[in-house]
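Right, one structure below, let's go through it.
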Amino acid sequence: MTILVTGGAGFIGSALVNYLISETEHHVINVDKLTYAGHLISLENVANSKKYSFEKVDICDNFEIRRILNFYSPDIIMHLAAESHVDRSIDGSAEFIRTNILGTHSLLEETREYWKSIDSEKAKNFRFLHVSTDEVYGSLGETGYFTEKTPYDPRSPYSSSKASSDFLVRAWFHTYGFPVLITNCSNNYGPRQFPEKLIPVVILKALQGKEIPVYGQGLNVRDWLYVGDHVKALLTVALKGTIGETYNIGGHNEKKNIEIVESICRILDEESPRKDGSTYMHQITYVKDRPGHDFRYAIDASKIEDKLGWKPEETFETGIRKTIKWYLDNIVWCEKVTKNNYNLERLGTSS
């Protein structure tokens, strides 16, 4: 099949494209605007494949999206393009509204017109997979889990924009019969994550000998999903999911933020010890909490496991070691993607 991936040069998108090209026979069209977080260096391994094509296009550009759809005639759309960093959304929400809401709307409209124009057999098997986040559900207390039936209660500009896009996708299914699928995933981690998120920031700050910032007391809880497991889940949903349904994807790895930071420090103590022989934990410092910081996220992923047979393969312990090793071996990648546009400074302090 021909699969069109939006945001394929980003963290999860590039992992998905790399997986599709290296592990399947599908042809992949990568549509990416190449913002600060999208980098073709993440796709060097597949860039010369005959099964891969790249289009530098903004999903808000209706004319270009129409051209791409008509030229490549995809069988599946996997929509990952989004602004995704909560802290950046606090500092400036406009780009999140534009890309996540207006961009999704543009993509839905152009894809629906394309879907109406193709032959009936191809149209019957066509799928539009919208990739979203568990943050749309809001914040949990000490107990309980997000299910596909949990009411939406987004708390940040980012999660609000993703919630809006989820509702748009559902509306296109109910109103137009457009064949959509939605996934809501927990926190992803792994190789090639842009160094603004918790895990790569901690790794790089530690290696640079700088203070490792922990929001509040580090007690906020997240469920962690290895990106390699996530992309396999996405393909499973795209190929086997029931039209109109939502599937939560989680890693069964609930951890407090401080536990994540301490785990990274312990592994770095083994893999790349400090020159003075002391532990990286000495660099941990507690900073003012993020405005509106949700206390806990936890995913009930039983639906995708029971209905589609997907389960995460990585534990947090195996996944975090793979991740740290990748960053240790790819410092040059980190330097290239952050050059001139980001220096691991804290964002999202506006209130």
The range 246-298: which chymotrypsin sites (Phe, Trp or Tyr not before Pro) are DSSP loop and have at most 14 other beta-carbon atoms within 10 angstrom?
295
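Once a ≥ b ≥ c are taken as the square roots of the eigenvalues of the Cα gyration tensor of the range 1-94, is the result rounded (a/c under 1.5), prolate (a/b larger than b/c) or oblate (a/b not larger than b/c)? Kindly include the intermediate steps, with their values, before the conclusion.
Details: a/c = 2.19, a/b = 1.40, b/c = 1.57.
Verdict is oblate for the range 1-94.
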Pull up all non-local amide H partners of residue 296: gap of 5 or more, or a different chain, and H-to-H distance under 5 Å with H placed in the peptide plane.
140, 221
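Which percent, to the nearest 5, of DSSP beta bridges fully inside the range 199-351 are antiparallel?
On the way: 3 of 8 bridges.
Here the share of antiparallel DSSP bridges comes out near 40 percent.
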Order by protection proxy (mean Cβ within 10 Å, highest first), peptides 262-270, 142-150, 180-188
180-188, 262-270, 142-150
Between helix 257-271 and the chain, what is the angle of the helix's C-alpha long axis to the longest principal axis, kept within 0 to 90° and rounded to the nearest 10?
70
So residue 2 and residue 208, fully extended at 0.36 nm per residue minus their Cα-Cα distance, gain in nm 69.9 nm
Rounded to the nearest 10 degrees, what's the angle between the helix 62-72 long axis and the longest principal axis of the chain, both from Cα atoms, 0 to 90?
70
Round to the nearest 0.05 the FRET efficiency obtained for residue 332 and residue 123 when R0 = 51 Å and r is the Cβ-Cβ distance.
0.65
Quick one: angle between helix 104-117 and the longest Cα principal axis of the chain, in degrees between 0 and 90, rounded to 10, please.
30
What nm distance separates the two modelled labels at residue 23 and residue 149, each placed 7 Å from Cα along Cα→Cβ?
3.2
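Check each of the chymotrypsin sites (Phe, Trp or Tyr not before Pro) in the range 16-91 and keep only those in coil by DSSP with at most 15 other C-beta atoms within 10 angstrom; list them in order. Mind showing how you got there, number by number?
Details: sites: 19, 36, 52, 54, 63, 71, 72; in loops: 36.
Passing sites in the range 16-91 are 36.
How big, in percent, is the set of alpha carbon pairs in the range 222-262 lying more than 14 Å apart?
56
How many percent of DSSP beta bridges within the chain run antiparallel, rounded to 5? Let's see the in-between values first.
Details: 4 of 41 bridges.
If I count the DSSP bridges inside the chain, around 10 percent turn out antiparallel.
So which of 33/197; 51/197; 197/325; 205/255; 50/197 end up more than 28 Å apart by C-alpha? Please report the intermediate quantities before stating the final value.
Numbers: 33/197 20 Å; 51/197 31 Å; 197/325 17 Å; 205/255 20 Å; 50/197 33 Å.
Over 28 Å apart, Cα to Cα: 51/197; 50/197.
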Using modelled backbone amide H atoms (1.01 Å from N, in-plane), which distant-in-sequence or interchain residues come within less than 5 Å of residue 212's amide H?
284, 285
Inter-part gap, Cα centre of the range 299-343 to Cα centre of the range 1-39, in whole angstrom, is 16
Plugging the Cβ-Cβ distance of residue 98 and residue 73 into 1/(1 + (r/R0)^6) at R0 = 22 Å yields, to the nearest 0.05, a FRET efficiency of 0.20
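Which value in deg cm²/dmol, rounded to the nearest 500, describes the helix-derived mean residue ellipticity at 222 nm for the chain, given -39,500 (n - 2.57) per DSSP H run of n ≥ 4 and division by the residue count? All intermediate terms of the calculation are to be shown ahead of the outcome.
Details: 12 runs with 138 residues, N = 351.
For the chain, the value works out to -12000 deg cm²/dmol.
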On average, how much area does the Cα convex hull of the chain cover when viewed from any direction, in nm²?
16.8
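Laboratory data are not the source of any read-out in this text; all were calculated from the coordinates shown. This structure is a prediction, so every number in the text was calculated from the model and none was measured. All Cβ positions, even for glycine, are placed from backbone atoms using ideal geometry, and neighbour counts span all protein chains on display.
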